Amino acid sequence: MKIDLTDTTSSKINKALVQGRRAIGTPAVGMVLTLVLVTDEENQYDALKAANEASREHPSRKLVVVKRVSRSPRDRAKARLDAEVRVGADAGTGETVVLRLYGEVMDHAQSVVLPLLLPDAPVVVWWPVSAPVNPAKDALGKLAQRRVTDTYAAENPVAELSARADAYTPGDTDLAWTRITPWRSMVAAALDQVACDVTSVEVEGEEHNPSCELLAMWLADRLHVPVKRGISKGPGLTAVRMETTCGPIKLDRADGSLATLSIQGQPDRAVALKRRETSELIAEELRRLDPDDTYASALRFGVDRLSEVTGSSSKTAGAGGTAGSKPATTATPAAMPKKAESK
């Protein structure tokens, strides 16, 4: 069921939600959180589709905030709020309200969203694109226990990681970090199978993929060994290669679906490492509402402390060195732990 409201208010939207629930015969509210999606008109369909699919696991009220920029100065000065209320099959599991803000009301989105939040339920704000530099200080971000961004959608993803580190507040997270959960689990499981020390690591993947940088920073932060950043054609992450005192450990994924795990002295094994849809990433993030200390530690390690190589040719590193120079990570193998931690 869909209810369209033009030039409306938050009070009228709440009444429309009650009307819709009664019309479809489900007056009880069984939702566990409020998910606020802050996006533009171009990306709102894909973002809402992902949120609806994730709501099968996490029934929620979804508030989609779309800021519509008017063309003329007179229209930009006029405040207007349009809304589309969806309940039942049109809203996935839960309820959906698409809010379109015009004029001066765009600068006060929090005043529109606040009356529509579920009472006594956690709030998660997700920016699929164009996230603020400091999500915790954003007007909508202040309403949330968790704030989800995606550096992959940024103009310069690697530089964005540095900005995220400077502005990090407990409760912040990023889908670029969520994408590497299976990789971190597999690397940790591989290290559990050997009783030796890691001496160096190379992470290989697409050039402008922040997930590659985050995986490299996590490994450098947890293992305290030099980590090189290699470049490949992708898709996404393609390999993690670790040199240990017992021989090399390699996790290669060339096709974005199936990976091969190679451990010295053991037969090669095929492992599933499929690239996941956005709905799966959002569903994973909604499973936890507490601060992710592991993400914070990896993010603060600093992308400029990684060295960079491309095949056999040297290339200037992010820290100002070359592929043949010693990376800025200076921890010695004697000081490192044997195993990495999984999320």
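Tabulated data for the structure shown
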read-out: Segment 157-170, subset without any contact (Cβ under 8 Å) to a residue 40 or more places away in the chain and of a type outside the set (Gly, Ala, Ser), residue surrounded by the fewest Cβ atoms within 10 Å (Cβ to Cβ); value: Asp166
read-out: Subset tally (residues that are surrounded by fewer than 17 Cβ atoms within 10 Å (Cβ to Cβ), under 30 Å from Arg146 (Cα atoms) and either in contact with a His (Cβ under 6 Å, 6 or more places away or on another chain) or not hydrophobic (A, V, I, L, M, F, W, C) (or both)) for segment 253-279; value: 6
read-out: Hey, Lys250 of a type outside the set (Val, Ile, Thr), open to solvent by 10 Å² or more (accessible area, probe 1.4 Å) and farther than 20 Å from Ser185 by Cβ or not; value: no
read-out: Answer residue from segment 171-181, given it is of a type in the set (Val, Ile, Thr) and open to solvent by less than 10 Å² (accessible area, probe 1.4 Å) and is nearest to Ile249 (Cα to Cα) among those; value: Ile180
read-out: Matching residues in segment 94-128 - criterion: being surrounded by fewer than 16 Cβ atoms within 10 Å (Cβ to Cβ), of a type outside the set (D, E, K, R) and closer than 24 Å to Arg288 by Cα; value: Gln110, Leu114, Pro119, Ala121
read-out: Members of segment 254-275 that are under 18 Å from Leu191 (Cα atoms) and part of a loop (DSSP other than H, G, I, E, B); value: Gln264, Gly265, Gln266, Pro267, Asp268, Leu273
read-out: Residue selected from segment 185-226 under the condition of a type in the set (Val, Ile, Thr) and outside any helix (DSSP H, G or I), by the criterion nearest to Lys274 (Cα to Cα); value: Val203
read-out: Breaking point among (1) in a loop (DSSP other than H, G, I, E, B); (2) among the small types (Gly, Ala, Ser); (3) touching a helix residue (DSSP H, G or I) at 6+ places or on another chain (Cβ under 9 Å), for Ala83; value: (1)
read-out: Candidate set: segment 226-247, residues that are under 14 Å from His208 (Cβ atoms) and among the charged types (D, E, K, R); chosen: the one surrounded by the fewest Cβ atoms within 10 Å (Cβ to Cβ); value: Lys233
read-out: Those residues of segment 143-156 which are touching a Gly at 6+ places or on another chain (Cβ under 9 Å) and open to solvent by less than 40 Å² (accessible area, probe 1.4 Å), in sequence order; value: Ala144, Arg146, Arg147
read-out: Where Gly256 falls short, out of the listed (1) touching a residue at least 12 places away in the same chain (Cβ under 8 Å); (2) farther than 21 Å from Pro210 by Cα; value: (2)
read-out: Check on Ala176, touching a helix residue (DSSP H, G or I) at 6+ places or on another chain (Cβ under 8 Å) and under 17 Å from Thr278 (Cα atoms); value: yes
read-out: Pair list, Cβ under 9 Å, 6 or more apart: segment 182-209 residue open to solvent by 40 Å² or more (accessible area, probe 1.4 Å) and at pLDDT below 90, other residue hydroxyl-bearing (Ser, Thr, Tyr) and not in a strand (DSSP E or B); value: Glu207/Ser232; His208/Tyr152
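The values are calculated or read from the model by the stated rules, or taken from the named source; none is laboratory data. All figures in this text were calculated on a predicted structure; none of them were measured in a lab. Glycine also receives a Cβ, built like all others from the backbone with ideal geometry; neighbour counts cover every protein chain displayed. Areas reflect the complete protein model, heavy atoms only, side chains present, ligands, DNA and RNA absent. Shrake-Rupley method; radii C 1.70, N 1.55, O 1.52, S 1.80 Å.
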